[in-house]
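Novice: Input: one structure, supplied below.
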Amino acid sequence: MSYALGIDVGGTFTDAVASDGAGRIVSAKTPTTPPHRELGVMRTIEDIAGELDIGLGELLSQTDYIAHGTTASINALVQGTVADVGLIATKGHRDAIYIMNAEGRTLGKAAHEIQDTLRRRKPAPLIPKHRAREVTERIDHAGKVLVPLDEDEVRDVARSLVDQGVEAIAVCLLWSFKNDAHERRVRELIHEIAPDMYVTLSSTVSPRIREFARTATTVMNAQIGPRLRAYLTPLRERLEENGLKGPLLVMQSEGGTITADRAPEHAITTVGSVLSGGVIGGMRMAEQLGHRNVITTDVGGTTFLAGLIVDGEPVMAPGSIVNQYPINAATIRVHTIGSGGGALASVDDGGNLRLGPRSAEAVPGPACYGNGGTHPTNTDANLVLGILSPRGLLGGRKPLSTELARRAIRRHVAEPLGLTVEEAAIAIHEVQNAQAGDLLRRAVVQAGHDPRDFVAYAFGGAGPAHCAGYCRDLGVSEVVVPLGPVASAFSAYGLAASDIVLSAELSDPSSFPVAHTTLASHYARLEADLRGALDRQKVNFQEVTMRREVDLRYSMQVNELATAVPDGVFTEHTADEILERFEEQYERVNGSGAGYREAGVQAITYRARATAGLGFPVVLPDVAEATGSDPAEALLEERSVCLDAQTGFVPTPVYDYAGLRAGHEIAGPAIVDVPTTVVVIPAGVTGRVDRLGNLVLSYR
């Protein structure tokens, strides 16, 4: 027997899914164990082995691969819990990261926030200025060395940064994506002084034009890389000691994995990796259910994440934005806010209720966990409202204290706002739904899509408790809560079902169309780089496919659209075909008639992406069918629950998911208890169990 494992390490829980490739899938969930997250991973795999009734060593020895995703990278950036980093820049260009190319006040902001000029603010700087240093050197736009690198100056700067106690150094020199010789030499000189120092080069992680975005990406890569390396190395060693023969793979933001020994060098590509797992899982499930357009929503312990699948494929982006800083890394388009189940609720100086972005995480966790947390979270509110049972999570293995939850809400929210504990709890619950709903509207509508054409998938530990609320005003046709054998471990399922995906890119700004020989030259170079990178993965692939794209824009515009480039041999007509695709996409996003070819078109960055199939079938099985639609035999209890501020607490039926079968229907208000999550079905909503065991919510 062979197995594929997916491991999703969240801020609060660690999930695992194992597939034997023959239709059997089992899952497990355990608390995440910071700072030593590898302990929680091992415990979750041990639970999987127990579900399969085999030993840990036997499971690992029969595992083809483990695909691992983590929210650690995105959570660290969102919350600012990152390594101390130094920056080395070209003399005269250190302040690019602080000036922010005039984008600092608007990046990642909604239109109404951008228009409110009096409240626009730059974010906190990524690094303090005393750790941003300059060295003498200069390479021009064609890659020619104009001023040689001053190596003695580099040594002095490196010693100074090491003496300041930095954990990593980011190197971002002007035009290094055209000629990386100076950056590579700077790294060599740093390692002469500090051999173990983590050094990241912009020419490696972000070989694109635009100095600010390239610098920001390089700095953020350095902020999360050392700790990713410190985590993955002992994890891989522990797995191998216990019998793992196959590779440990790490999910990247673009929807595919990379081997664990290569991941820390490209740590920035793991930002959003768990959402990528969820989107890939959604894509696989959509293939089975016949859904072409899907909004995937993942409410974990720390973050709320949303992604889109359009015409059966994830919507990609050349980069993303975190805390108003751009990340130059190809990614499944990720929309993120710090508003998960463990998001901390507070009252600001203006008397406004705030939820997130800070999180209680796994330690100490929400107040109701009884692990020392004293600040209220979304989870505490749901317990007070009766949505969660005091019996607790994980089948009762994680008991919850209503009294501790009430005490935290009373002190930090109810008393400052002059509310009862119950009123404060429903306010927290509704703020969570409102924040998530607002993010979804921006994610879908601003991308030029009609929400009515989509189905929403809701997963993560807290997603099923809130999805009916945050999707109600969006206008989707229905909401699918993936349950069956994967339940709230859906992202882990997506990880197990993923392929290895690598990308390569080069910036060559020029007017478009370009000669077909130029296109051929660029993509020959990129695809050769990808073949070399795949060889370095040291993994046996069943098949490899290459996709091409180029970032295009109208002249004088500042934003590009990633545009598909045809496969095969380039001809004199290829550039015209690319232009047609660009203009069709431009008008779809910006409206009919918005295109204006007469302005001229520019190509900025060329990109190729390799997808290498691992050849392991991970398919969700059908569940048993019910003899009728009435789920009375699954009724667990009736408890007082508040799902609406106007209605208040009402007796609400609670169903045991284990007793539900395909075809059962539940009219809201109702609660469905699942060992690893809870599904809320409000009044006016009907839940139906589909053939895969999912609960499909429809608005009546």
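Novice: Just checking: which of the helices (runs of 4 or more DSSP H) contained wholly in region 36-122 hold 2 or more residues that are under 27 Å from Gly341 (Cα atoms), at pLDDT below 80 and open to solvent by less than 50 Å² (accessible area, probe 1.4 Å)?
Specialist: 72-79
Novice: Considering every residue within region 171-184, establish whether at least one is farther than 16 Å from Ile209 by Cα, touching a Leu at 6+ places or on another chain (Cβ under 6 Å) and in a helix (DSSP H, G or I).
Specialist: Yes.
Novice: In region 450-475, what residues are surrounded by fewer than 24 Cβ atoms within 10 Å (Cβ to Cβ) and under 21 Å from Ile681 (Cβ atoms)?
Specialist: Answer for region 450-475, where residues must be surrounded by fewer than 24 Cβ atoms within 10 Å (Cβ to Cβ) and under 21 Å from Ile681 (Cβ atoms): Pro451, Val455, Gly469, Arg472, Asp473, Leu474, Gly475.
Novice: Moving on. How many of the residues in region 389-414 are open to solvent by 60 Å² or more (accessible area, probe 1.4 Å), outside any helix (DSSP H, G or I) and modelled with pLDDT under 80?
Specialist: Within region 389-414, residues that are open to solvent by 60 Å² or more (accessible area, probe 1.4 Å), outside any helix (DSSP H, G or I) and modelled with pLDDT under 80 number 1.
Novice: Okay, moving on. When residues of region 138-175 are filtered for being under 34 Å from the mean Cα position of the chain (by Cα) and within 28 Å of Ala230 (Cα to Cα), how many remain?
Specialist: Selection size over region 138-175: 13.
Novice: Hey, another quick one. So which residues in region 260-282 are free of Cβ contacts under 8 Å to residues at least 40 places away in the same chain and among the hydrophobic types (A, V, I, L, M, F, W, C), if there are any at all?
Specialist: The answer is Ala263, and nothing else.
Novice: For Glu587, only one of the following conditions fails: (1) without any contact (Cβ under 8 Å) to a residue 24 or more places away in the chain; (2) open to solvent by less than 60 Å² (accessible area, probe 1.4 Å). What is its number?
Specialist: Unmet condition: (2).
Novice: From the list Ser640, Ser629, which one is closer than 22 Å to Ala381 by Cα, more than 32 Å from the chain's Cα centre (by Cα), of a type in the set (Gly, Ala, Ser) and open to solvent by 20 Å² or more (accessible area, probe 1.4 Å)?
Specialist: Exactly one of Ser640, Ser629 is closer than 22 Å to Ala381 by Cα, more than 32 Å from the chain's Cα centre (by Cα), of a type in the set (Gly, Ala, Ser) and open to solvent by 20 Å² or more (accessible area, probe 1.4 Å), namely Ser640.
Novice: Just give me the residues in region 603-626 being outside any loop (DSSP other than H, G, I, E, B), hydrophobic (A, V, I, L, M, F, W, C) and open to solvent by 30 Å² or more (accessible area, probe 1.4 Å), in sequence order. Walk me through how you get there before you give the answer.
Specialist: If we filter region 603-626 for residues that are outside any loop (DSSP other than H, G, I, E, B), which is where we start, we get 603-613, 625.
Narrowing further to those that are hydrophobic (A, V, I, L, M, F, W, C): 603-604, 608, 610, 612.
Once the filter is applied, which keeps residues that are outside any loop (DSSP other than H, G, I, E, B), hydrophobic (A, V, I, L, M, F, W, C) and open to solvent by 30 Å² or more (accessible area, probe 1.4 Å), region 603-626 yields nothing.
Novice: So which residues in region 534-567 are closer than 19 Å to Gly256 by Cα and β-branched (Val, Ile, Thr), if there are any at all?
Specialist: Val539, Val544, Thr545
Novice: Ok, one more. I need the full set of residues from region 284-297 which are open to solvent by 10 Å² or more (accessible area, probe 1.4 Å) and either of a type in the set (Lys, Arg) or in contact (Cβ under 8 Å) with a residue 40 or more places away in the chain (or both), in order please.
Specialist: Result: Arg284, Gln288, Leu289, His291, Arg292, Asn293.
Novice: Which of the residues that make up region 545-561 are in a loop (DSSP other than H, G, I, E, B) and not acidic (Asp, Glu)?
Specialist: Within region 545-561, Ser555, Met556, Gln557, Val558, Asn559 meet the criteria.
Novice: Something else: Out of the residues in region 208-248 meeting the condition of being under 27 Å from Leu534 (Cβ atoms) and polar (S, T, N, Q), tell me which one is surrounded by the most Cβ atoms within 10 Å (Cβ to Cβ).
Specialist: Filtering region 208-248 for residues that are under 27 Å from Leu534 (Cβ atoms) and polar (S, T, N, Q), the one surrounded by the most Cβ atoms within 10 Å (Cβ to Cβ) comes out as Asn221.
Novice: Of the residues that sit in region 653-700 and are among the polar types (S, T, N, Q) and assigned to a strand (DSSP E or B), which one is surrounded by the most Cβ atoms within 10 Å (Cβ to Cβ)?
Specialist: The residue in question is Thr677.
Novice: Let me ask something additional. Specify which of the listed residues (Arg609, Arg688, Arg700) is charged (D, E, K, R) and touching a Gly at 6+ places or on another chain (Cβ under 6 Å).
Specialist: Arg700
Novice: Of all residues in region 580-599, which are under 23 Å from Glu505 (Cα atoms) and not acidic (Asp, Glu)?
Specialist: First, the residues of region 580-599 that are under 23 Å from Glu505 (Cα atoms): 580-583, 585-586.
Arg581, Phe582, Gln585, Tyr586, listed by residue number.
Novice: Considering only residues of region 540-577 that are of a type in the set (A, V, I, L, M, F, W, C) and closer than 17 Å to Pro318 by Cα, which is most open to solvent (accessible area, probe 1.4 Å)?
Specialist: Per the criteria, the residue is Val558.
The values are calculated or read from the model by the stated rules, or taken from the named source; none is laboratory data. Being a predicted model, the structure only gives us computed values, none of them experimental. FYI the Cβ positions are ideal-geometry reconstructions off the backbone, even for glycines, and counts take in every protein chain you see. For the accessible areas, the whole protein counts, side chains as well, though only heavy atoms, and no ligand, DNA or RNA atoms are used. Shrake-Rupley method; radii C 1.70, N 1.55, O 1.52, S 1.80 Å.
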